[in-house]
Amino acid sequence: MGGKQFNMGEGRVLTVLLGLGAPAMVSMFFQNLYALVDTVFVSWLGTVELAALSLCVPMLYIGMAVAKGVAVGATTLMSHARGKDDVDKAHSITRSSLPLALIFMAPFCLFALPGVNADIFGWFNVDQGVIEAVQKFMFWLAWTFPVMGFAMVCEGVFLSLGDARTPMKAMILGNIINMVLDPFLIFYCEMGIAGASLASLIGWAVSGSFMWFTLKRQARVRPQCLCTREEVRAWKEIWVLGAPVALAFLIIPISLIGLNYVLAPFGPAYVGAWALTSRMEQMIVLPLYGLSCSLIPFAGFNLGAGNSDRIREAVRISLMISYGVLLPAVVLLWFNASFVIGLFKPGSEVLELTTYALRVSLLGYGLVPMELIVIGLAQGLRRPRYTLIINVARLLLLRLPLAFILGYVWGGKGAYVSHALAMIVTGLVSIFILRRLLTLADRTCSSMH
């Protein structure tokens, strides 16, 4: 029932990369589909609920950032160990990663408490109706965080084994369950916005369980809740590589919080429009990010094996695939923006604002593949600081200040423009970082021969 494993050190790079990248792209698409499907059904409830969902998104990203940091750090170490044929080290990392993830994710369960939510979301100066909707959604989302961490760690184990298909199957299964449960819980059971987060919790639990039991059936070492004192020592090594990745992703919700702060005074329609825009963008970016994630085990394995030529070839192929996917998607969305957004059934004001924001964002997508490839390659080469540098530059040093400035000058629509401008600048910077990373790979591999 598991997926095919690819030997990342042998065979055609294109075949191996597509074997890893295509399922990873599908998997990331379906990971994002959780949020998109929730947004569709919640938007049918009304503008207040849509605004509440938008305010909750940063908290979701914070949890995902921490889980992703642990998972990516573990994946890098496991892949590098397998490249050096150190199976014992790979198994040790596998056993020690889940307890570390659960330790970091457990505090997020506090968001199930209404008082915690009221204190935090009250800072946004929104009306009481929005706060009440936030509290309903956050209750089940709070319990989703540790389950999400469990699923991401299991996914990392499969990627280190050269198997991207099993995580893809798990994500598809979880999303089917989420899509079925969303309308059932939201409308039939009359749970409203709370039904959306409960459906996601169940979907993530099914995905993680599917991967865990698949590892068990195949008699492989799998993540476990307890580990030995010796395996606990591996936590430092995992977190040294994972912390910059977690920080890089943590910057995303911080920037979103800042952007919501800029947009909130203009009304719920501006906040809701940005929520819809973000969802549509992620349908393009996250599949490409899945391809970027496949570079992590591939680059890590071949760095351990001392083969920089395969790393260079993988980068070239990844860029070709990324642009082959991105350009048609951007053209289709540009000319059909109103139709696609209309599927969410937003109000007329939200529809007009979202169409504007989405088209402006699409103008900044020309160099996004460069940035995404650098993120995956940097982690695989054990240089995670470059991921952090890119996200800090785009989201904190560029987008957020520009949002305040342009929002003051042009109003809410001006804040949307800041997103495209920031992407263009960091895309140019990524070109230079990519060249540096490839040079570092050549030097490291040459010193091993």
Any hit, region 344-361, residues being among the acidic types (Asp, Glu) and surrounded by 22 or more Cβ atoms within 10 Å (Cβ to Cβ): no
Per-region count, region 260-290, residues assigned to a helix (DSSP H, G or I) and either over 27 Å from Tyr416 (Cβ atoms) or over 19 Å from the mean Cα position of the chain (by Cα) (or both): 13
Members of region 65-89 found to be out of contact with any Gly (no Cβ under 9 Å at 6 or more places or on another chain) and aliphatic (A, V, I, L, M), listed by number: Ala65, Val87
Positions within region 262-299 being of a type outside the set (A, V, I, L, M) and more than 19 Å from Met25 (Cα to Cα), in sequence order: Pro265, Phe266, Gly267, Pro268, Tyr270, Gly272, Trp274, Thr277
Filter result for Ile103 (β-branched (Val, Ile, Thr), under 28 Å from Met138 (Cα atoms) and either over 16 Å from the mean Cα position of the chain (by Cα) or in a helix (DSSP H, G or I) (or both)): yes
Residue match in region 376-387 (condition: surrounded by 15 or more Cβ atoms within 10 Å (Cβ to Cβ), touching a residue at least 60 places away in the same chain (Cβ under 8 Å) and aromatic (Phe, Trp, Tyr)): no
Residues satisfying the stated conditions in region 214-238, i.e. crowded, with 18+ Cβ neighbours inside 10 Å and assigned to a helix (DSSP H, G or I): Thr214, Leu215, Glu231, Ala234, Trp235, Ile238
Filter result (assigned to a helix (DSSP H, G or I) and surrounded by fewer than 24 Cβ atoms within 10 Å (Cβ to Cβ)) within region 156-174: Arg165, Met168, Lys169, Ile172, Leu173
Members of region 326-343 that are more than 18 Å from Leu286 (Cβ to Cβ) and either modelled with pLDDT under 80 or of a type in the set (Gly, Ala, Ser) (or both): Ala337, Ser338, Gly342, Leu343
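The values are calculated or read from the model by the stated rules, or taken from the named source; none is laboratory data. Only a predicted model underlies this, so the values are computations on that prediction, with no experimental measurement involved. Reconstructed Cβ throughout: ideal geometry from the backbone, glycine too, with neighbour counts over all protein chains shown.
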